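The values are calculated or read from the model by the stated rules, or taken from the named source; none is laboratory data. All of these numbers come straight from a predicted model, not from anything done at the bench. For neighbour counting, all protein chains shown are included, and Cβ atoms are generated from backbone atoms with ideal geometry for every residue, glycine included.
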């Protein structure tokens, strides 16, 4: 009974700041400015199908790059001394202590014309435009959300029983076989958590594309931010569609997690 009472503040918080706003968005999405029921808001939302698709593509690529970069890093961290692991974790966490917008400004300085990256590559005879395109948006996404991929994978890997690895080696498995049959399967829950924590905010984020992308790189979060100020009904419809997609994605990820747990 006491433990249930401790959940009351959390329930109140979720009700006031999560459930009630979601219900309000749902009601606004299905009504017009006079409060009458309508589906026209969803017809208006269909005009942004290309933006929605582009957002999912950028989120997918960003998540994939984060996974490819984070997995070997997390694996190497588990092989370090405990003190070294704590130092690496701190280095990963330090950028997250800074304001989100300041980190974007830092990337603007790095990628702008005659900036550090442009200057360094120009000395090597490489010339190009490094800001105002999809590549810059993806780079910003990876930078912002890479820690959310590293930490879950590292946490799961660090809990793998070394006895299982030693047993596999005693049975004649080489390093590749140990990784394929022991380490990787046991780290899948961390991978699923990391993918969820990166893909969901990547698909719905804004500002990154506004500052680092071009005119064709606007994301669905930017559309919601812009439309909502002039047409709350259409903005709510777009938000509701995005929430439904994210909910479906989370269900699929949980199904993968359940299947892995059963296996």
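Scan the range 88-115 for residues that are over 21 Å from residue 209 (Cα atoms) and surrounded by 11 or more Cβ atoms within 10 Å (Cβ to Cβ) and report the count.
Residues that pass the stated criteria total 4.
Of all residues in the range 73-128, how many are in a loop (DSSP other than H, G, I, E, B) and within 19 Å of the chain's Cα centre (by Cα)?
Total meeting the criteria: 2.
When residue 254 is evaluated against the numbered criteria (1) closer than 27 Å to residue 140 by Cα; (2) within 18 Å of the chain's Cα centre (by Cα), which criterion, by number, is the only one it fails?
Here residue 254 clears every test but (1).
With the checklist (1) at pLDDT 90 or above; (2) surrounded by fewer than 20 Cβ atoms within 10 Å (Cβ to Cβ) in hand, flag the one item residue 223 doesn't pass.
Residue 223 satisfies every listed condition except (2).
Could you pull out the residue among 153, 195, 160 that is within 30 Å of residue 83 (Cα to Cα) and either touching a strand residue (DSSP E or B) at 6+ places or on another chain (Cβ under 8 Å) or not in a helix (DSSP H, G or I) (or both)?
Of 153, 195, 160, the one residue that is within 30 Å of residue 83 (Cα to Cα) and either touching a strand residue (DSSP E or B) at 6+ places or on another chain (Cβ under 8 Å) or not in a helix (DSSP H, G or I) (or both) is 160.
When the residues of the range 127-138 are narrowed to those that are surrounded by fewer than 21 Cβ atoms within 10 Å (Cβ to Cβ) and touching a residue at least 40 places away in the same chain (Cβ under 8 Å), which ends up nearest to residue 64 (Cα to Cα)?
Only one residue fits best here, namely 134.
Could you say whether any residue in the range 30-46 is surrounded by 17 or more Cβ atoms within 10 Å (Cβ to Cβ) and under 24 Å from the mean Cα position of the chain (by Cα)?
Yes, that holds for at least one residue.
If residue 53 satisfies all but one of (1) at pLDDT 90 or above; (2) loosely packed, with under 12 Cβ neighbours inside 10 Å; (3) over 30 Å from residue 150 (Cβ atoms); (4) out of contact with any strand residue (DSSP E or B) (no Cβ under 7 Å at 6 or more places or on another chain), what's the number of the condition it fails?
(3)
For (1) surrounded by 22 or more Cβ atoms within 10 Å (Cβ to Cβ); (2) more than 18 Å from the chain's Cα centre (by Cα); (3) free of Cβ contacts under 8 Å to residues at least 24 places away in the same chain, each residue gets a yes or a no:
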| site | (1), (2), (3) |
| --- | --- |
| 194 | yes, no, no |
| 201 | no, no, no |
| 231 | no, yes, no |
| 238 | yes, yes, no |
| 243 | no, no, no |
| 247 | no, no, yes |
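Suppose we keep only residues that are in a loop (DSSP other than H, G, I, E, B) and surrounded by fewer than 22 Cβ atoms within 10 Å (Cβ to Cβ) within the range 203-219. Which one would you say is modelled with the highest pLDDT?
218
Regarding residue 2, is this residue over 27 Å from the mean Cα position of the chain (by Cα), at pLDDT below 90 and either exposed (fewer than 12 other Cβ atoms within 10 Å of the Cβ) or closer than 21 Å to residue 202 by Cα (or both)?
yes
Might you check whether a residue that is in contact with a helix residue (DSSP H, G or I) (Cβ under 8 Å, 6 or more places away or on another chain), in a helix (DSSP H, G or I) and under 22 Å from residue 106 (Cβ atoms) occurs anywhere in the range 220-235?
yes
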